[in-house]
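Values quoted throughout were computed directly from the atomic coordinates according to the rules given, and no laboratory measurement underlies them. Computed from a prediction, not measured in an experiment: that's the story for all the values here. Cβ: placed from backbone, ideal geometry, glycine included. Neighbour counts: every protein chain shown.
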Amino acid sequence: MEHSYLIKPMLASHYPTAVYGKGIYIYDEDGKAYLDGSSGAVTASIGHAVPEIIKAMTKQAEKISFVYRSQFTTNEAEQLARTLSEIDFIKDGHYSSFFVNSGSEATETAMKIAIQHWQEQGRPTKNKVISRWTSYHGITMGALSLSGHSERRHRFVSLLDDLPTIPAPYCYRCPFNQTYPSCQLKCASDLEAAIHRIGAEHIAAFIAEPIIGAAGAVIVPPDGYYERIKEICDENEILFIADEVMTGIGRTGKTLAMEHWNVIPDIIALGKGMSAGYTPIAATLASEKVLDPILQGSKIVMSGHTYSANPQSAAVSLAVLEYIEKHNLINEAEEKGAYLLAELQKLAEHFSMIGDVRGKGLMVGVEFVSDSLSKTPFPKKLDITNSIVLAARDKGLLIYPASAGIEGGEGDAVIIAPPLTIKKEEIDQLVELFKKTITDIQKSKE
Ligand code: PLP
């Protein structure tokens, strides 16, 4: 088929055309089934064509699909904001929601709210939002300025602010050549050093993905890391923004991934799982503490999009959240994730090219190396990640290409993050297809 809209050119020549989806499978025009082992881009968290969601979409479409956010609010948007603020882990912070359409908009809005928080208190120099080099916070210019993801960043670097400042808590290849716990969390205390270098009076916030996704293939920090990060932020009057666009709404076995460490962010960016891909919607949640100076000052968050708080998307998001709760999918993600992780870790024993398997809940990263003892990455020109993703797709398995976590983009990795609705026997099928893929790729490298 000729492609008439712009998609990733490298793969465009052999993109299959998706025709329909059912459960965790997507079917192309030849009737070939693909096990959605990555929920698309870690998005389709309840699988495809769920009748309850279709019903909610139809019901809302019959009522009203669009109103402009500066003219009306809707019951659906209000209810969604209430539901999010009632998430147990954060409910004491009295969070309000600012609805947007993508994760990139959610992190940019988080930046703006953080900057405005200090402006409204007469502290306009506190206007930088800093981050980590191994990170991805979105593709728009502001969000890309926050992101260290080299492949997505390099072409636009002259237009971006250099906001990433510190390395990631990447224990597999510690950026400080140390090991946990004797390292005493140098990766966290490095934030303190960076703040002293820049000057806290210039910093509005620090943003981090609780578990690093696209830029690091599921880097889970060591215990104590976020506790220390939050402490440093508080000591320096710097807001802590959790970018939960990939991890939020149950993906890691908790509603919000920060709950794993019981560290409560000041601002939270949500996306992907909020509507499980059925419609575009994302949100920036800001606590009462963050919003108070704005509400007592200019009274307006200086941002907004035509489609913000779209009632159709809000109704879908509510239906998705209800579905997740009704089917206990967050607890299941924890259990099924532990099983998936263990099965993939077993594979690492048989394949020397698997260097590391890491994860939390149904978000697992697999990093590939040319030598597992020295952890040497494959040469970039071999393009191992894409070979694996394409070979898996040929076998009917979808997985997500990711950077390994090495600053500068070297290394190969994939993310495996199936819908939270996946059944145990489907996990077995996923692992089997992945095993066959790696068998073929490893053979081709021998
Ligand atoms: N933040 C994180 C952690 C992400 O993983 C992504 C997307 O992958 C984004 C932000 C950007 O979201 P979107 O692609 O919806 O703009």
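Annotations
- The local environment of H154, defined by Cβ-Cβ distances under 14 Å, has a net charge of 0 under the rule Lys, Arg +1 and Asp, Glu -1.
- The alpha carbons of the stretch 84-127 give a radius of gyration and a Dmax of 12.7, 35 Å, in that order.
- Of the residues K299, K55, K381, the one that moves most in a GNM of the chain with alpha-carbon contacts below 10 Å is K381.
- Max mean-square fluctuation residue, GNM over the chain, Cα-Cα springs under 10 Å, options V19, V389, V316: V19
- Calculated mean residue ellipticity, 222 nm, the chain: -11000 deg cm²/dmol, from DSSP H runs (n ≥ 4) at -39500 (n - 2.57) each, averaged per residue and rounded to 500.
- Taken over the stretch 337-430, the alpha-carbon convex hull comes to 96 cubic angstrom per residue.
- Cα point-scatterer Debye curve for the chain, base-10 log of I(q)/I(0) at q = 0.11 Å⁻¹: -0.85
- Packing-based exposure ordering (other Cβ within 10 Å, fewest first) of M274, M302: M302, M274
- Assuming charge only on the beta carbon of Lys and Arg (+1) and of Asp and Glu (-1), the dipole of the chain about its Cα centre is about 580 debye to the nearest 20.
- The stretch 186-324, Rg to Rh (Cα coordinates; Rh as Kirkwood inverse mean 1/r): 0.99
- Local net charge near K272, Cβ-Cβ under 13 Å (Lys/Arg +1, Asp/Glu -1): -3
- Exposure proxy for Y27, Y68: other Cβ atoms within 10 Å of each Cβ, ordered fewest to most, give Y68, Y27.
- As computed over the stretch 125-269, the Cα convex hull volume per residue (Å³): 109
- GNM top mover of T109, T74, T284 - the chain, alpha-carbon springs below 10 Å: T74
- In plain terms, the C-alpha convex hull of the stretch 198-263 casts an average shadow of 4.7 nm² when viewed from every direction.
- Within straight-line cross-link reach of K326, lysines at Cα separation under 28 Å, skipping those fewer than 8 residues along the same chain: K22, K55, K59, K63, K91, K254, K272, K336, K360, K423, K424
- With the convex hull drawn around the C-alpha atoms of the stretch 26-145, the volume per residue stands at 205 Å³.
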